[in-house]
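Notes for the one structure printed next.
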Amino acid sequence: QVQLVESGGGLVQAGGSLRLSCAASGRTFSSYTIGWFRQAPGKEREFVSAIKWSSGYIYYADSVKGRFTISRDNAKLTVYLQMNNLKPEDTAVYYCAADDRGAYGRTVDRYDYWGQGTQVIVSS
């Protein structure tokens, strides 16, 4: 059973930074893709970034490119999302997700496992 646990959310002023963590357990993740999504109130869940575990290939949504950085720690089975220069429009619940096919998905339906989410609030 794959388990994903997010942490690191909170309240921050615009221009500030936060680092989210996604701790994974239950499987060997070498063939997986781990992604970050976010969902703001009244909006659909949207793709933020993802990393293919085996190769380290990384991709981002245009809205966060240059501000957010995804990375992984193999030993800790943890994926991080460093978020810099945060904007009020980044306010959302952030979710970690895993795709056991290791594809390069950007949509919710491509991911099989989800964490419970962590709230990020950016004040103006």
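One table, with the values for the structure above:
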read-out: Shape box of the chain [Cα atoms, principal axes, largest first, Å]; value: 41, 29, 24
read-out: Solvent-accessible area per residue for the chain (1.4 angstrom probe, square angstrom); value: 49 Å²
read-out: Neighbourhood net charge (12 Å Cβ-Cβ; Lys/Arg +1, Asp/Glu -1) for Val108; value: -1
read-out: Extended-chain gain in nm, criterion 0.36 nm per residue less alpha-carbon gap, Asp62 and Ser123; value: 19.8 nm
read-out: Listed residues Leu4, Ala23, Ser55: farthest to the positive end of the dipole of region 1-90 (Cβ charges); value: Ser55
read-out: Under 20 Å from the Cα of Lys87 - lysines, other chains or at least 8 residues apart; value: Lys43, Lys65
read-out: Estimated FRET transfer efficiency (Ser17, Arg101; beta-carbon r; R0 41 Å; 0.05); value: 0.80
read-out: Net dipole in debye of region 1-82 [+1 Lys, Arg Cβ; -1 Asp, Glu Cβ; about Cα centre; nearest 20]; value: 80 debye
read-out: Per-residue HN-Hα couplings for region 70-83 [Karplus 6.51, -1.76, 1.60; θ = phi - 60°; Hz; x = Gly/Pro]; value: 9, 8, 9, 10, 4, 5, 9, 6, 10, 10, 10, 10, 7, 10
read-out: Environment charge of Ala98, counting only residues whose C-beta is closer than 9 Å and scoring Lys/Arg +1, Asp/Glu -1; value: -2
read-out: Percent carbon-and-sulfur accessible area, the chain, ignoring ligands, DNA and RNA, probe 1.4 Å; value: 47 percent
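The values are calculated or read from the model by the stated rules, or taken from the named source; none is laboratory data. Just so you know, these numbers come straight off a predicted model, no measurement behind them. Please note: Cβ atoms are built from the backbone with ideal geometry, for glycine as well, and neighbour counts cover all protein chains shown. Ligands, DNA and RNA are stripped out before the accessible areas are found, and what is left, the full protein with its side chains, is counted by its heavy atoms. Shrake-Rupley method; radii C 1.70, N 1.55, O 1.52, S 1.80 Å.
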